[in-house]
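Input: a single structure, listed below in structure tokens.
The values are calculated or read from the model by the stated rules, or taken from the named source; none is laboratory data. Since we're looking at a predicted model, the values are computed, not measured. Counting neighbours? That spans all protein chains shown, and the Cβs are built from the backbone with ideal geometry, glycine included.
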Amino acid sequence: MPQTLQTDYLIIGAGAMGMAFADELVSQSRDVSIILVDRRSKPGGHWNNAYSFVTLHQPAVFYGVNSVALATSVDDLASASRMQAYYERVMDKLCASGQVRFLSQCSYEGQGQIRSLSSTDVSYQVTVRKRTVDASYSRVEVPSTRPPAYGVADGISLIPINGLAALDRPWDRYVVIGAGKTGMDALLFLLDRGVDPDKLTWIISNDCWLIPRKDTLPKATPTRMPKQMRCLIECRSLQDVYDRFEARGWILRLDKAIAPTKFRCATVSLEELDKLRALPHKVRMGRVQRIESTQIVLAEGVIPTNKDVLHIDCTAHGLARRPARPIFEEGKITLQPVTLCQPAFSACFIGMVEMRRDDDATKNTYCTPVPHPEHPVDIVSCSLHSFTNAITWLKPFGWWLTRCRLGIVRHLSVLEAISLLISLIRFLGPASRSLEQIQLSHSEALPADAEQP
């Protein structure tokens, strides 16, 4: 017979969003009760499966949960091991409050049913008094958690990026498969360990727009954000946005002659970008179809390979673009970003909004989902929804925003915060209207039967 449990909130997923949401609920109320369920043995979500040399892509001051600091400096990029230890510490804190129970290595089966993944004798039936919270909707993937989407011949050496930290010998050549941040990390890891660039082949299925990491630092925001909003007000097309942003150094690409077809909020330092640009063997023939014993078959051609080449799979879709759905529904919350590329802050904000006495319709007006971008056009809709949300937040949540560690204002001086607030009040509305026109003109420019890029 299953154990019977009762709770106010049943949270499915103890990753970054589930933990940030739970932490905010506990911070807001001493009476709320929470059960967190995760298939992994420890909290932290994908950080338990990430490659050991991965770091955050943006400053740690904006990541984690609101009540527990993570960063050691304003430009700190926390490592995977630190992230794992951090989330264990946060979970211990939450459980020590007496308000949270963590059911690890358990699978949520729906209708309040939970089964253990380690014992057939353990299961639970949970009565949820308030909401079931889906904190796994984003479906974060890393290469070590699923096989590649292409066939591999016997005798070919293929590892996920995790395996690079456990190499026991050098290889004649390395082929990195994957054009995103994971592929870049693999190449930089090898370069930093003295591998000759001539021994590296990089298969780039799609070029990506990149964000300079220096622009994600707290001190860069008060000057950069107003300039970007003023720039958006002047823009008249999607191409105009990218031309102006690139000219000002707010967005980067590997090759000025190649138009990127992806935008996923990946960040890079200028030093890293120079190293990647200098690599001599970049292959742009589409996605890998299969790896045979003597060649790699791509969508638009083939390149040679052999058993003395190490192939590194970096193709997992880390943050897939999921269809937006209402965040607040009867008896349910579906955690999704509510501002561009800030999942931890978003979950924390949703937790704060949930604790208000507003009805779901009102709560949803504060929390328009901002799906993770994938294509260049998504910068328009994502920025538009982020701006629309920010406009609704300024008056009712201004004080909370100044105190939230996961947001920008907390890390600014009083003068910087006031300056940024004035700029938001002044430029958010006009920038939003400009983005609406760009989005409309971009849609109208497509043939009726064309697929949105």
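Would you be able to say whether some residue in the range 412-423 is within 22 Å of residue 350 (Cβ to Cβ) and surrounded by 13 or more Cβ atoms within 10 Å (Cβ to Cβ)? No, the range 412-423 has no match at all. Residue-level analysis places residue 251 outside the set of residues that are in contact (Cβ under 8 Å) with a residue 40 or more places away in the chain, surrounded by 14 or more Cβ atoms within 10 Å (Cβ to Cβ) and over 16 Å from residue 376 (Cβ atoms).
Applying the set (1) free of Cβ contacts under 8 Å to residues at least 60 places away in the same chain; (2) closer than 20 Å to residue 61 by Cα; (3) in a loop (DSSP other than H, G, I, E, B) to residue 400 leaves exactly one unmet item: (3). If the condition is being part of a helix (DSSP H, G or I) and buried (at least 19 other Cβ atoms within 10 Å of the Cβ), then the range 76-110 contributes 80, 83, 86, 87, 90, 91, 94. The set of residues in the range 353-373 that are surrounded by 20 or more Cβ atoms within 10 Å (Cβ to Cβ) and in contact (Cβ under 8 Å) with a residue 60 or more places away in the chain comprises 354, 372, 373.
Please work out if residue 165 is assigned to a helix (DSSP H, G or I) and farther than 30 Å from residue 379 by Cβ.
In short, yes.
So for the range 367-377 (the condition being of a type outside the set (Lys, Arg) and assigned to a helix (DSSP H, G or I)), does at least one residue qualify? No, because not a single residue in the range 367-377 is of a type outside the set (Lys, Arg) and assigned to a helix (DSSP H, G or I). Among the residues of the range 279-317, those identified as under 25 Å from the mean Cα position of the chain (by Cα) and among the β-branched types (Val, Ile, Thr) are 288, 312, 315. Restrict the check to the range 128-149 and report whether at least one residue is polar (S, T, N, Q), within 24 Å of residue 21 (Cα to Cα), assigned to a strand (DSSP E or B) and under 29 Å from the mean Cα position of the chain (by Cα). Within the range 128-149 (the criterion being polar (S, T, N, Q), within 24 Å of residue 21 (Cα to Cα), assigned to a strand (DSSP E or B) and under 29 Å from the mean Cα position of the chain (by Cα)), the answer is yes, since at least one residue qualifies. Restricting the search to the range 29-75, which residues are surrounded by fewer than 16 Cβ atoms within 10 Å (Cβ to Cβ) and under 15 Å from the mean Cα position of the chain (by Cα)? Hit for the range 29-75 is 55, nothing else. Residues in the range 168-180 that are assigned to a loop (DSSP other than H, G, I, E, B), under 22 Å from the mean Cα position of the chain (by Cα) and either on the phi > 0 side of the Ramachandran plot or modelled with pLDDT of 95 or more (or both): 1 in all. Report yes if residue 108 is among the aromatic types (Phe, Trp, Tyr) and at pLDDT 95 or above, otherwise no. When the stated conditions are applied, residue 108 passes them. Please indicate, with yes or no, whether at least one residue in the range 374-387 is at positive phi, touching a residue at least 60 places away in the same chain (Cβ under 8 Å) and within 19 Å of the chain's Cα centre (by Cα). Within the range 374-387 (the criterion being at positive phi, touching a residue at least 60 places away in the same chain (Cβ under 8 Å) and within 19 Å of the chain's Cα centre (by Cα)), the answer is no, since none of the residues qualifies.
Take the range 206-249 and flag every residue that is of a type in the set (A, V, I, L, M), in a helix (DSSP H, G or I) and closer than 24 Å to residue 77 by Cβ. The answer is 220, 225.
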